[in-house]
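Peer 1: There's a structure below that I have some questions on.
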């Protein structure tokens, strides 16, 4: 575990289209990038990355232990700052599992009806992935 | 001529009306404050998204070696089929709010029709839906499902069959009520899909822009194709008249709503710097790929912004209208009270004269 004196905390902001959910400091932030999870610590190299469906987890600092489910987002990592743009961000206990199940079913229907259109498969796949991540996040399986 | 009793009833009724309009004004003012607050909170996200896109644009070429444009939404075509999003309110009693918007939209429709262009209307809000549904036919899509490879694969497509020069492409009644980003994202994706398959060649949005109570206008904004990121391309606008501005300012002052734009917050100032630090970022994916994923979100934020501003403007318009109604009711009560008092005094005077002259006759 890294030494977390005040000078070595990341300033973390989580911004959604309708509000600023988090504006705090943390010692580490886990991010669900498209190609897999990455963790940002103080002094990290500047990075711009796209976030897929998954959980953003904050550790230490004034943020404490916090977890948010995000469906799509974008993150800027600077040595002393992490800013996350998320299209939707929810606390795991805010997730409506029944609604997520319905979304999953809808996604599977989209998949069945996609015919020979590659783009339709892509969008069906995206819906299914988000729904699956949502369900597992709500059930605390991560 | 009306008697005292009639007048007293009339006054009581007008007083009741005044109480209702006054309450409506306070409700609208509270809703306006909330709407303004929401619009403020939405700004950092929009700023950041625009910034990321801009910094990506600086790092990649918009047109690659093969001459292909980086994103279909940047492609400009001759405008033959134009999509118009019209944002009005869900309810009436908001002064000229709804009619101003439909007037601006009608002007746009007439101009474009004169150029021989076809239009697709897409109303948002119950008032606009009611108006355009009556006026224009709904767009028709032919559903095709072709099986091939011995029924192993299907090609499914909905093909647009245009029957009239102006048609209603879709309607959105629930967007204003909830105003959630998810619904607007869906709308943006459907518009983008239509743009990409060249069903439409440009997209405009007609709405009431709202900076503050005294600074608003009805605008026609070009949404697609995107010419310059982060800039609002306004093609027509209708400013408030001096009279409207005064009425709005009076209503706002008595309801305790600020007349000025809220100040920039610290988060907003920092949002402006998002993705623009003077460092070499590592990208986890090629910028062109990121760009593709960001563009639809950018369009959605633009529409979201318009919806939020329009909602604030609607509440402001209702606040102004109900304030004027309250004021008129007050004036009417004064006038009626004066007439009633005169009548009563006249009756008293008449009675005294009768008594006095009766006494004199004895």
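The values are calculated or read from the model by the stated rules, or taken from the named source; none is laboratory data. Predicted model only: the values in this text are computed from it and were never measured. Here the Cβ positions follow ideal geometry from the backbone for every residue, glycine too, while neighbour counts run over all protein chains shown.
Peer 1: Check residue B:49 against each of (1) touching a helix residue (DSSP H, G or I) at 6+ places or on another chain (Cβ under 7 Å); (2) at pLDDT 85 or above; (3) farther than 20 Å from residue B:285 by Cβ and name the one condition it does not meet.
Peer 2: (3)
Peer 1: Going residue by residue through the stretch B:127-144, is there one that turns out to be within 14 Å of chain A (Cβ to nearest Cβ) and at pLDDT below 85?
Peer 2: yes
Peer 1: Kindly indicate whether residue B:325 is away from chain A (no Cβ under 14 Å), in contact with a helix residue (DSSP H, G or I) (Cβ under 6 Å, 6 or more places away or on another chain), in contact (Cβ under 8 Å) with a residue 24 or more places away in the chain and over 26 Å from residue B:42 (Cβ atoms).
Peer 2: Answer is yes for this residue.
Peer 1: If you check residue B:126 against the conditions, is it surrounded by fewer than 23 Cβ atoms within 10 Å (Cβ to Cβ) and in contact (Cβ under 8 Å) with a residue 40 or more places away in the chain?
Peer 2: In short, yes.
Peer 1: Further, regarding this structure: With the structure loaded, tell me whether residue B:308 is within 30 Å of residue B:100 (Cα to Cα), away from chain A (no Cβ under 12 Å) and touching a helix residue (DSSP H, G or I) at 6+ places or on another chain (Cβ under 9 Å) or whether it fails that test.
Peer 2: So residue B:308 fails the test.
Peer 1: Quick check on this structure: which one of B:58, B:8 is at pLDDT 90 or above, in a helix (DSSP H, G or I) and surrounded by fewer than 17 Cβ atoms within 10 Å (Cβ to Cβ)?
Peer 2: B:8
Peer 1: Please determine, by comparing only the residues of the stretch A:10-45 that are part of a loop (DSSP other than H, G, I, E, B) and more than 11 Å from every other protein chain (Cβ to nearest Cβ), which one is surrounded by the fewest Cβ atoms within 10 Å (Cβ to Cβ).
Peer 2: Restricting to residues being part of a loop (DSSP other than H, G, I, E, B) and more than 11 Å from every other protein chain (Cβ to nearest Cβ), the top hit is A:43.
Peer 1: Do you know which of the residues in the stretch B:280-289 that are out of contact with any helix residue (DSSP H, G or I) (no Cβ under 6 Å at 6 or more places or on another chain) and within 12 Å of chain A (Cβ to nearest Cβ) is farthest from residue B:183 (Cα to Cα)?
Peer 2: B:280
Peer 1: Continuing with this model, one more query. Can you report the number of residues in the stretch A:88-115 which are surrounded by 15 or more Cβ atoms within 10 Å (Cβ to Cβ) and either within 11 Å of chain B (Cβ to nearest Cβ) or under 22 Å from residue A:73 (Cβ atoms) (or both)?
Peer 2: 11
Peer 1: Within the bounds of the stretch B:145-159, is there any residue that is surrounded by fewer than 18 Cβ atoms within 10 Å (Cβ to Cβ) and within 30 Å of residue B:322 (Cβ to Cβ)?
Peer 2: no
Peer 1: Same structure again: Would you check if residue A:52 is at positive phi, within 14 Å of another protein chain (Cβ to nearest Cβ) and either buried (at least 18 other Cβ atoms within 10 Å of the Cβ) or without any contact (Cβ under 8 Å) to a residue 24 or more places away in the chain (or both)?
Peer 2: Against the criterion (at positive phi, within 14 Å of another protein chain (Cβ to nearest Cβ) and either buried (at least 18 other Cβ atoms within 10 Å of the Cβ) or without any contact (Cβ under 8 Å) to a residue 24 or more places away in the chain (or both)), residue A:52 does not qualify.
Peer 1: For the stretch A:58-76, how many residues are over 14 Å from the mean Cα position of the chain (by Cα) and within 14 Å of chain B (Cβ to nearest Cβ)?
Peer 2: The total comes to 0.
Peer 1: Given the condition in a helix (DSSP H, G or I), surrounded by 22 or more Cβ atoms within 10 Å (Cβ to Cβ), away from chain A (no Cβ under 14 Å) and at pLDDT 85 or above, answer yes or no: does some residue in the stretch B:32-45 qualify?
Peer 2: Yes, the conditions are met somewhere in the stretch B:32-45.
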